[in-house]
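Chemist: I'd like to ask you about the structure that follows.
The values are calculated or read from the model by the stated rules, or taken from the named source; none is laboratory data. Remember, it's a predicted structure, so these values are computed and weren't measured experimentally. Counting neighbours? That spans all protein chains shown, and the Cβs are built from the backbone with ideal geometry, glycine included. For accessibility, only protein heavy atoms count, side chains too; no ligands or nucleic acids. Shrake-Rupley method; radii C 1.70, N 1.55, O 1.52, S 1.80 Å.
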2 protein chains.
Amino acid sequence: MPTYTPPLKDMQFLLHDLLRITASDVPGYADLDPSFTGAILEEAGKLAAEVLAPLNAVGDRQGCRLENGVVYTPDGFKGAFGKLKDGGWNGLDLPQEFGGQGLPYVMGTAVGEMMVSANMAFNMYQGLTHGAISTILAHGSDEQKATYLPKMVSLDWTGTMNLTEPHCGTDLGMIRTRAEPQADGSYAITGQKIFISAGEHDLAENIIHLVLAKAPGGGEGTKGISLFIVPKFLVNADGSLGRRNAVACGKIEHKMGIHGNATCVMNYDGATGFLVGDLHRGMRAMFTMMNEARLGVGLQGYAQAEAAYQNALAYAKDRLQGRDVTGAKNPNGPADPLIVHPDIRRNLMDQKSFVEGARAFVFWGAHLIDRSHRTGDTAAEGLISLMTPVIKGFLTDKGFEMTVAAQQVFGGHGYIEEWGMSQFARDARIAMIYEGANGIQALDLVGRKLASDGGRHVMAFFEMVKAEVKAHDGDARMAGFAEPLKAASKQLQQAGMFFMQHGMKNPNAALSGSYDFMHLMGHVCLGLMWTRMAKAAYTALDAGAADREFLQAKIATGRYYMARHLPACAMHLARIETGAEPVMALDAAAF
Amino acid sequence: MPTYTPPLKDMQFLLHDLLRITASDVPGYADLDPSFTGAILEEAGKLAAEVLAPLNAVGDRQGCRLENGVVYTPDGFKGAFGKLKDGGWNGLDLPQEFGGQGLPYVMGTAVGEMMVSANMAFNMYQGLTHGAISTILAHGSDEQKATYLPKMVSLDWTGTMNLTEPHCGTDLGMIRTRAEPQADGSYAITGQKIFISAGEHDLAENIIHLVLAKAPGGGEGTKGISLFIVPKFLVNADGSLGRRNAVACGKIEHKMGIHGNATCVMNYDGATGFLVGDLHRGMRAMFTMMNEARLGVGLQGYAQAEAAYQNALAYAKDRLQGRDVTGAKNPNGPADPLIVHPDIRRNLMDQKSFVEGARAFVFWGAHLIDRSHRTGDTAAEGLISLMTPVIKGFLTDKGFEMTVAAQQVFGGHGYIEEWGMSQFARDARIAMIYEGANGIQALDLVGRKLASDGGRHVMAFFEMVKAEVKAHDGDARMAGFAEPLKAASKQLQQAGMFFMQHGMKNPNAALSGSYDFMHLMGHVCLGLMWTRMAKAAYTALDAGAADREFLQAKIATGRYYMARHLPACAMHLARIETGAEPVMALDAAAF
């Protein structure tokens, strides 16, 4: 059975050596000294490792069940949810006004990673609530905030997002769910939504659904869409629960993974809903929710890879098989441990260098969000908006790939469910699909984000990378980082140039390369992170830091990423530069 | 629910336009004219599509169950197995002397692909029998052949391979199963074997286990290993079934996929076994079995990708979502079909160009086996021996990757088991693991096959590619094939050169790049196949062939592979040329 160990040292390194948060000018960061963040991370890590991780396999094996409209979560989930609630973990980075602790988003992200690594399916009940809260915070009325937020922050109530319908997911302009205005100012919501994570369950007193629907007069396509709050139980004026609303779970899906989370078909049958934000401006509000959700999904990608890696590493050290070709390492045993073999080492280094780079990328992204929210820094806002599809698309693709790599270390045992490695891969697979399938992330990046604000944000990113490379000019120790980063960023710019030159005449020339561009940019971002981490590690070493082995391993791991992952950039560029012709050569009928 | 359509036209193209089998000097090939092969493929395709494919999801859902030592296969498997048997499909390419039809291996391979695409788990009952038959044919005594083969060829009895034990899979030198010589010349076999596919089931009267065990006096490690026949029921002198042998299934595994196949723990408790071949030479005999099995597993990789691709394509043509950015293609509908979008097209072309290239590679490999077996061509034998780890490792890695890509086309529906796309990925996953995990294939390729016979076979392969490139010199139509093939094969040679220069001093310098080399070589092989297929298609077009659209699509698909897959070669070379240092930099303790 897999185990989980919170990567506390790595997280502290990112917060304090890489991001140097206490020295940052972001309000709230000054309080985050190492002992304070260490105490929070340790406490959260305990909950993750001791309470959530042991339930991961239970959730996978049992799944959820629907009986007479009630969804029952797996054994132990209710107790664990109570502990999550009692610890106030959901409110960690939410406003004190509604019962939260008001800490920065970067702290919520670090805590979130541990919960997701330990038990992804379980954590979704809380994760979707967090996203729903953010949406109400950004777009709800004061009355709505007062009515819903305190109970959602405390996890007495949970939240959901309702977008997809059977005939449309990506293309929301086609949704059929209707919202009819009522005399009292509410709306009657009617329609069917599918793939609703945590749509129904037994963990909370009430569930607050955020639902996209079409109200009369909004016109065709996405323009006609509005966002509504539809509570499972209506809330009385005094805050107590009133009558059951006309919304019900019609079915739970049998899925490849995340069995512990109930994925529901939700039927709205004239349910009472309350408009959130402006009429017919629902897409805008929904994007608030989706941006946060996409960061969270990118995090799921590498968090599953982290959990899988930890177990693959332990197995590679433990399992005796074959001999080191350069001489026995365990001469008194019947064989050497797997980790002596170069190809096993390659596999483990692929995983390790990806996970640590990805974590830095997401923590940096969370820092940009804090900067944007807490200081109104529009450059940071533009940058994180540019990075969102890369974080979501690249980290979930690679995260899944790494769970498969980790499974491979186990040989045949990796394929047997009892060992738990299959679950990491099956669970991680969904992250490539939901909150906008990764092809849509690539489209968002190339078709929208590159050109947004006249291309200002992507130019700023190029400048940032250029400055990073320049900063290490003449530093021999950093050459193994700065040089590959420079080459990769040139390839990224060349790809962008190709899109500009050809995309005007033929948009397909750019869109045929969108997926490769997303991956190329992902590698450049992780290359940037590794360059900064290496520099931070050298700085700490030079300053006489105590944990030299940890810092030296950090540098060696980064060097691996630069040497062995960044060569993918040239491949992606070559694919991009073939343009639309090979991709679009066949008529649909000729397939 | 997925469907399956046998790719008859593609197969006929390979047999007659690419391999030109009737014009070949291989005994038995002259009879294989297009109408004869067409009739066989059509008949086999009918069984695959109409009988086996509908049981694929049933097998996944129900799995096998063990009750009182008896394993029950899923509903319908028994009836389908009867039809497979009645059709004589198992004996298609087996000697007439034992009841087979004596057709070439290439025909067995084509038929096998369809069975595997339709229902991989089901087909394993037959596939392992086929492998066991080959081993007895190659190493058994005349009496053993007479006793076992007729019933195995007819599928009245099935076969298994027993190698792995709980503490060792790859490292067979550690096996503990013992064989004690008995007074009557038989052996008493005692030990536990795990991961035994089709180890116990209700489809056949008897099961013939081939078991690796250690008999006294053989010395340490793999040298002491011998191979034994251990029948479930002993066979009387008159061929009737005698007493039940002391072998039993102790458990069936709960796996990620191939649920329809029983993966058994087999307990041997002084079971009666009969030596196959020479005492203490069991590894040699086992390799016969494993080489055929490895080709079959490579076939599983692309055959699952084929089935997944067919369904992804159908969904992409059917599902309406979004609009073609260059102008609506379905203006009267609510949206355009998915296939209009460049990134969906890219995904489908990745799949299609891989599957068709992989099929050519495996058919060519089967042709080399025929040439080796039927004409004693040692060059062909050396070449297929070199190619075996590439076929197994590269095609199963890529095959799995493509089933995941196919699943992605379905968005959220791809993750729901009801749609059947998850099963293709879960089933395909095992092919990367069994019959030697792919890391072992890479080790076999770089550590053994490259240098075998003084490197003669790999040099012959380089010459073959060089000759292919040269043959198209000055042919403008073929430039899109010959040029990328030339570049890729230079990269492959450069990688080989790197191993020679550095591997002598430090074997880890070669072994750290073994996995990348396997992939690099796989791309060169598929590039070679596509070059030949393109030439064959042009030749047919020039000769006025009727099905112009099919041939033109073949060329366009090949052009995609050359333009969009071959750029991976440079990436693999760059990774290889970083050598052992980044891979081995960390001490095991520093991970």
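Chemist: For the structure I just gave you, tell me whether B:Q96 is open to solvent by 30 Å² or more (accessible area, probe 1.4 Å), over 17 Å from B:V153 (Cα atoms) and of a type in the set (S, T, N, Q). Write out each step before concluding.
Modeler: Values: open to solvent by 30 Å² or more (accessible area, probe 1.4 Å): yes; over 17 Å from B:V153 (Cα atoms): no; of a type in the set (S, T, N, Q): yes.
Considered against the rule, which asks whether it is open to solvent by 30 Å² or more (accessible area, probe 1.4 Å), over 17 Å from B:V153 (Cα atoms) and of a type in the set (S, T, N, Q), B:Q96 comes out as no.
Chemist: Can you find a residue that is open to solvent by less than 10 Å² (accessible area, probe 1.4 Å), more than 30 Å from A:L443 (Cβ to Cβ), among the small types (G, A, S) and more than 10 Å from chain B (Cβ to nearest Cβ) anywhere in the stretch A:363-370?
Modeler: Among the residues of the stretch A:363-370, not one is open to solvent by less than 10 Å² (accessible area, probe 1.4 Å), more than 30 Å from A:L443 (Cβ to Cβ), among the small types (G, A, S) and more than 10 Å from chain B (Cβ to nearest Cβ), which makes the answer no.
Chemist: A further question follows. Only residues that are aromatic (F, W, Y) and surrounded by fewer than 24 Cβ atoms within 10 Å (Cβ to Cβ): list them for the stretch B:255-279, please.
Modeler: Result: B:F274, single match.
Chemist: For the stretch B:441-468, what are the residues that are among the aliphatic types (A, V, I, L, M) and farther than 19 Å from B:A495 by Cα?
Modeler: The initial filter retains those residues of the stretch B:441-468 that are among the aliphatic types (A, V, I, L, M), namely B:442-443, B:445-446, B:450-451, B:458-460, B:464-465, B:467.
The answer is B:A467, and nothing else.
Chemist: I need the full set of residues from the stretch A:343-357 which are open to solvent by 10 Å² or more (accessible area, probe 1.4 Å) and touching an Asp or Glu at 6+ places or on another chain (Cβ under 9 Å), in order please. Lay out the reasoning, then the answer.
Modeler: Initially, the stretch A:343-357 is screened for residues open to solvent by 10 Å² or more (accessible area, probe 1.4 Å), giving A:343-347, A:350, A:352, A:356.
Within the stretch A:343-357, A:R346, A:D350, A:E356 meet the criteria.
Chemist: Hey, another quick one. Would you check if B:A360 is in contact (Cβ under 8 Å) with a residue 40 or more places away in the chain and open to solvent by 10 Å² or more (accessible area, probe 1.4 Å)? Steps first, answer last, please.
Modeler: Numbers: in contact (Cβ under 8 Å) with a residue 40 or more places away in the chain: yes; open to solvent by 10 Å² or more (accessible area, probe 1.4 Å): no.
Judged against the criteria, B:A360 is not a match.
Chemist: Residues that are more than 28 Å from the chain's Cα centre (by Cα) and among the aliphatic types (A, V, I, L, M): does the stretch A:521-539 have at least one? If you could, list the steps in order and put the result at the bottom.
Modeler: The initial filter retains those residues of the stretch A:521-539 that are more than 28 Å from the chain's Cα centre (by Cα), namely A:538-539.
Retained after the next criterion (residues that are among the aliphatic types (A, V, I, L, M)): none.
No, every residue in the stretch A:521-539 fails to be more than 28 Å from the chain's Cα centre (by Cα) and among the aliphatic types (A, V, I, L, M).
Chemist: Then there's this: For residues that are farther than 22 Å from B:G102 by Cβ and more than 14 Å from every other protein chain (Cβ to nearest Cβ), tally how many sit in the stretch B:144-174. Steps first, please.
Modeler: First, pick out the residues of the stretch B:144-174 that are farther than 22 Å from B:G102 by Cβ: B:160-174.
Retained after the next criterion (residues that are more than 14 Å from every other protein chain (Cβ to nearest Cβ)): B:160.
Qualifying residue count for the region: 1.
Chemist: Just give me the residues in the stretch A:1-25 being touching a residue at least 60 places away in the same chain (Cβ under 8 Å) and closer than 13 Å to A:F363 by Cβ, in sequence order. Break it down into steps so the answer makes sense when it comes.
Modeler: As a first pass, look at the stretch A:1-25 and keep what is touching a residue at least 60 places away in the same chain (Cβ under 8 Å): A:1-7, A:9-11, A:13-15, A:17-19, A:21, A:24-25.
Once the filter is applied, which keeps residues that are touching a residue at least 60 places away in the same chain (Cβ under 8 Å) and closer than 13 Å to A:F363 by Cβ, the stretch A:1-25 yields A:P7, A:D10, A:M11, A:F13, A:L14, A:L15, A:D17, A:L18, A:L19, A:I21, A:S24.
Chemist: While we're looking at this one, here's another question. Applying the selection to the stretch B:554-580, what residues are over 18 Å from B:P507 (Cα atoms), in contact (Cβ under 8 Å) with a residue 60 or more places away in the chain and out of contact with any Lys or Arg (no Cβ under 7 Å at 6 or more places or on another chain)?
Modeler: B:K554, B:G558, B:R559, B:Y560, B:Y561, B:M562, B:A563, B:H565, B:L566, B:C569, B:A570, B:H572
Chemist: Continuing with this model, one more query. Being under 30 Å from A:D444 (Cα atoms), in contact (Cβ under 8 Å) with a residue 12 or more places away in the chain and out of contact with any Gly (no Cβ under 9 Å at 6 or more places or on another chain) is true for just one of A:P181, A:P216, A:P166. Which residue is that? Walk me through how you get there before you give the answer.
Modeler: Numbers: A:P181 fails: under 30 Å from A:D444 (Cα atoms); A:P216 fails: out of contact with any Gly (no Cβ under 9 Å at 6 or more places or on another chain).
Just one listed residue meets the conditions, A:P166.
Chemist: Would you mind finding the one in A:G282, A:G298 that is over 30 Å from A:G224 (Cβ atoms), surrounded by 24 or more Cβ atoms within 10 Å (Cβ to Cβ) and in contact with a Leu (Cβ under 7 Å, 6 or more places away or on another chain)?
Modeler: Details: A:G282 fails: over 30 Å from A:G224 (Cβ atoms).
Just one listed residue meets the conditions, A:G298.
Chemist: While we're here: So, in the stretch B:185-238, how many residues would count as being open to solvent by less than 10 Å² (accessible area, probe 1.4 Å), within 27 Å of the chain's Cα centre (by Cα) and of a type outside the set (A, V, I, L, M)?
Modeler: 9
Chemist: I'm trying to understand the selection: among the residues of the stretch A:106-146, which are among the aromatic types (F, W, Y) and closer than 30 Å to A:P34 by Cβ?
Modeler: Applying the first criterion (among the aromatic types (F, W, Y)) to the stretch A:106-146 yields A:122, A:125.
Within the stretch A:106-146, just A:F122 meets the criteria.
Chemist: Residues being outside any helix (DSSP H, G or I) and over 23 Å from the mean Cα position of the chain (by Cα): count how many of those fall in the stretch A:33-63.
Modeler: Pass one, the stretch A:33-63, residues outside any helix (DSSP H, G or I): A:33, A:63.
Those left that are additionally over 23 Å from the mean Cα position of the chain (by Cα): A:33.
Of the residues in that region, 1 qualify.
Chemist: Can you name the condition, by its number, that B:M124 falls short on among (1) aliphatic (A, V, I, L, M); (2) in contact with a Leu (Cβ under 9 Å, 6 or more places away or on another chain); (3) within 14 Å of chain A (Cβ to nearest Cβ)?
Modeler: (2)
Chemist: Between residues in the stretch B:459-485 that are over 16 Å from B:L526 (Cβ atoms) and residues that are open to solvent by 20 Å² or more (accessible area, probe 1.4 Å) and hydroxyl-bearing (S, T, Y), which pairs lie under 9 Å by C-beta distance while being six or more apart or on different chains?
Modeler: If the second residue must be open to solvent by 20 Å² or more (accessible area, probe 1.4 Å) and hydroxyl-bearing (S, T, Y), the pairs left are B:D475/B:Y538; B:R477/B:Y538; B:M478/B:Y538.
Chemist: Something else about it: For the stretch A:323-337, which residues satisfy the criterion of being open to solvent by 20 Å² or more (accessible area, probe 1.4 Å) and within 12 Å of chain B (Cβ to nearest Cβ)?
Modeler: Initial filter on the stretch A:323-337 (open to solvent by 20 Å² or more (accessible area, probe 1.4 Å)): A:323, A:325-332, A:334, A:337.
Selection gives A:R323, A:V325, A:T326, A:G327, A:K329, A:N330, A:P334, A:P337.
Chemist: In a strand (DSSP E or B), more than 19 Å from A:I252 (Cα to Cα), touching an Asp or Glu at 6+ places or on another chain (Cβ under 6 Å) and not assigned by TED's automatic domain parsing to the domain that holds A:W89, is that true of A:A213? Steps first, please.
Modeler: Numbers: in a strand (DSSP E or B): yes; more than 19 Å from A:I252 (Cα to Cα): yes; touching an Asp or Glu at 6+ places or on another chain (Cβ under 6 Å): no; not assigned by TED's automatic domain parsing to the domain that holds A:W89: yes.
No, not satisfied.
Chemist: I would also like to ask the following. Restricting to the stretch A:138-172, what's the tally of residues that are touching a Ser or Thr at 6+ places or on another chain (Cβ under 7 Å) and assigned to a loop (DSSP other than H, G, I, E, B)?
Modeler: The total comes to 1.
Chemist: Let me ask something else about it. For A:R371, indicate whether it is basic (K, R), at pLDDT 95 or above and out of contact with any Cys (no Cβ under 9 Å at 6 or more places or on another chain).
Modeler: On the way: basic (K, R): yes; at pLDDT 95 or above: yes; out of contact with any Cys (no Cβ under 9 Å at 6 or more places or on another chain): yes.
Judged against the criteria, A:R371 is a match.
Chemist: Further question: So which residues in the stretch B:162-184 are open to solvent by less than 20 Å² (accessible area, probe 1.4 Å) and within 29 Å of the chain's Cα centre (by Cα)?
Modeler: Just the residues of the stretch B:162-184 that are open to solvent by less than 20 Å² (accessible area, probe 1.4 Å), to begin with: B:162, B:165, B:168, B:172-173, B:175, B:177, B:179.
Passing the criteria: B:N162, B:E165, B:C168, B:L172, B:G173, B:I175, B:T177.
Chemist: Further question on the same structure: For the stretch A:469-527, give me each residue that is among the charged types (D, E, K, R), open to solvent by 60 Å² or more (accessible area, probe 1.4 Å) and under 18 Å from A:Y538 (Cα atoms).
Modeler: So in the stretch A:469-527, the residues among the charged types (D, E, K, R) come out as A:470, A:473, A:475, A:477, A:483, A:486, A:490, A:505, A:516.
Now drop any that are not open to solvent by 60 Å² or more (accessible area, probe 1.4 Å), which leaves A:470, A:473, A:477, A:483, A:486, A:490, A:505.
Result: A:K470, A:D473, A:R477, A:E483.
Chemist: Looking for something open to solvent by less than 30 Å² (accessible area, probe 1.4 Å), outside the structural domain of B:T222 (by TED's automatic domain parsing) and either part of a loop (DSSP other than H, G, I, E, B) or among the basic types (K, R) (or both) - is there at least one such residue anywhere in the stretch B:112-119? Even if it seems obvious, please write down each step before you answer.
Modeler: Of all residues in the stretch B:112-119, those open to solvent by less than 30 Å² (accessible area, probe 1.4 Å) come to B:112-119.
If we keep only those that are outside the structural domain of B:T222 (by TED's automatic domain parsing) as well, we get B:112-119.
Narrowing further to those that are either part of a loop (DSSP other than H, G, I, E, B) or among the basic types (K, R) (or both): B:119.
Yes, the conditions are met somewhere in the stretch B:112-119.
Quick grid of which residues meet (1) surrounded by fewer than 24 Cβ atoms within 10 Å (Cβ to Cβ); (2) among the aliphatic types (A, V, I, L, M); (3) more than 20 Å from A:A48 (Cα to Cα):
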site: A:G88; (1), (2), (3): yes, no, no
site: A:L103; (1), (2), (3): yes, yes, no
site: A:N123; (1), (2), (3): no, no, no
site: A:G127; (1), (2), (3): no, no, no
site: A:I133; (1), (2), (3): no, yes, yes
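Chemist: Take residues that are facing another protein chain (nearest Cβ under 7 Å), closer than 18 Å to B:F13 by Cβ and of a type outside the set (S, T, N, Q) and tell me which of the helices (runs of 4 or more DSSP H) falling wholly in the stretch B:538-591 contain 3 or more. Don't jump to the end; show me each part of the working.
Modeler: Working: elements: B:548-560, B:568-576, B:581-584.
Of the helices (runs of 4 or more DSSP H) lying wholly inside the stretch B:538-591, those with at least 3 residues that are facing another protein chain (nearest Cβ under 7 Å), closer than 18 Å to B:F13 by Cβ and of a type outside the set (S, T, N, Q) span B:548-560.
Chemist: Being more than 10 Å from chain B (Cβ to nearest Cβ) and part of a helix (DSSP H, G or I) is the filter; apply it to the stretch A:420-430 and report the residue that is surrounded by the most Cβ atoms within 10 Å (Cβ to Cβ). Outline the logic, then answer.
Modeler: Initially, the stretch A:420-430 is screened for residues more than 10 Å from chain B (Cβ to nearest Cβ), giving A:420, A:424, A:427-428.
Applying the additional criterion that residues be part of a helix (DSSP H, G or I) yields A:424, A:427-428.
Details: A:F424: 31, A:D427: 29, A:A428: 28.
So the residue we want is A:F424.
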